[in-house]
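Trainee: The structure is given below, and queries will be raised subsequently.
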Amino acid sequence: MDGLLNAFLWLALTDCVAVLLVPAFPPSKERYCKWRIHLRLKNALPASHYTVLRDLALRREVAGAETVRIDHLVISPYGIFVIAACARAGSIFGAERDREWTGLHFRRRSRFPNPLKRAEEQTRFLQQLLGLDEAIFHPMVVLCGGAEAETAMPPHVTPLGGMAPYIQVRTGELLGWDESARAAATVR
């Protein structure tokens with residue numbers, strides 16, 4: 001019991017430090033957000049059914065050979081989930097098809113590229129790379145860092161707490177077990 005209490009206190013202490021320090025350092029805030037997403041995925045999704053990958057850098061085989069960066073990728077027989085992290089604090093305003101969204105934090109307004117567009121672009125790239133049907137892919141955006149959507153968002157834009165349930169509710173097999181293993185091996 002003491003070990004559990006010590007672990008809980010340690011987690012509470014690190015969260016307090018993160019709340020105080022992370023907003024002051026935006027790159028750290030983004031890393032912290034991505035780390036929390038990865039931890040949540042690893043803890044919520046059984047490894048027997050889901051392959052969880054993070055911080056992927058895949059090269060496009062075109063002239064110029066640009067790199068496509070993917071925050072998180074979950075590969076399973078139930079689909080491939082392409083997850084873009086949105087590490088922002090405050091209120092977020094935007095629509096699914098807007099080119100840019102607006103963030104409002106302590107009366108400071110900033111515009112940033114729509115993360116859904118990024119997730120959809122990454123999904124199209126993976127679709128071409130793996131040669132799989134569009135229906136297998138699920139692009140999504142996870143809001144973390146205290147961000148709250150103030151406008152109606154589609155179900156695939158979710159706060160950190162809604163990410164795992166969004167994935168787990170999909171139980172229809174879209175890929176075979178062998179195909180999902182092949183897809184995971186291809187992108188690693």
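The values are calculated or read from the model by the stated rules, or taken from the named source; none is laboratory data. Keep in mind that what you see is a predicted model, and the values were worked out from it rather than measured. Please note: Cβ atoms are built from the backbone with ideal geometry, for glycine as well, and neighbour counts cover all protein chains shown. With ligands, DNA and RNA removed, areas are computed over all heavy atoms of the protein, side chains included. Shrake-Rupley method; radii C 1.70, N 1.55, O 1.52, S 1.80 Å.
Trainee: With a sphere of radius 11 Å drawn around the Cβ of Pro77, what net charge do the other residues whose Cβ falls strictly inside it have (Lys, Arg +1; Asp, Glu -1)? If you can, show how the numbers build up before the last one.
Mentor: Numbers: positive: Arg170; negative: Glu173, Asp178, Glu179.
Around Pro77, the surrounding residues sum to -2.
Trainee: Further question on the same structure: At 1.4 Å probe size, put Met153, Met140 in order of accessible surface, largest to smallest. Working shown, then result.
Mentor: Details: Met153 45, Met140 0 Å².
So the residues, ranked largest to smallest area, are Met153, Met140.
Trainee: Can you list residues whose amide H is under 5 Å from Ala147's amide H, if they're 5+ apart or on another chain and H is modeled 1.01 Å from N?
Mentor: Long-range HN contacts for Ala147: Arg88, Gly90.
Trainee: Classify region 92-136 as rounded, prolate or oblate, taking a ≥ b ≥ c as the square roots of the eigenvalues of its Cα gyration tensor: rounded when a/c is under 1.5, otherwise prolate if a/b is larger than b/c and oblate if not. Don't jump to the answer; show the numbers that get you there.
Mentor: Details: a/c = 4.53, a/b = 3.51, b/c = 1.29.
It comes out prolate by the Cα gyration axes.
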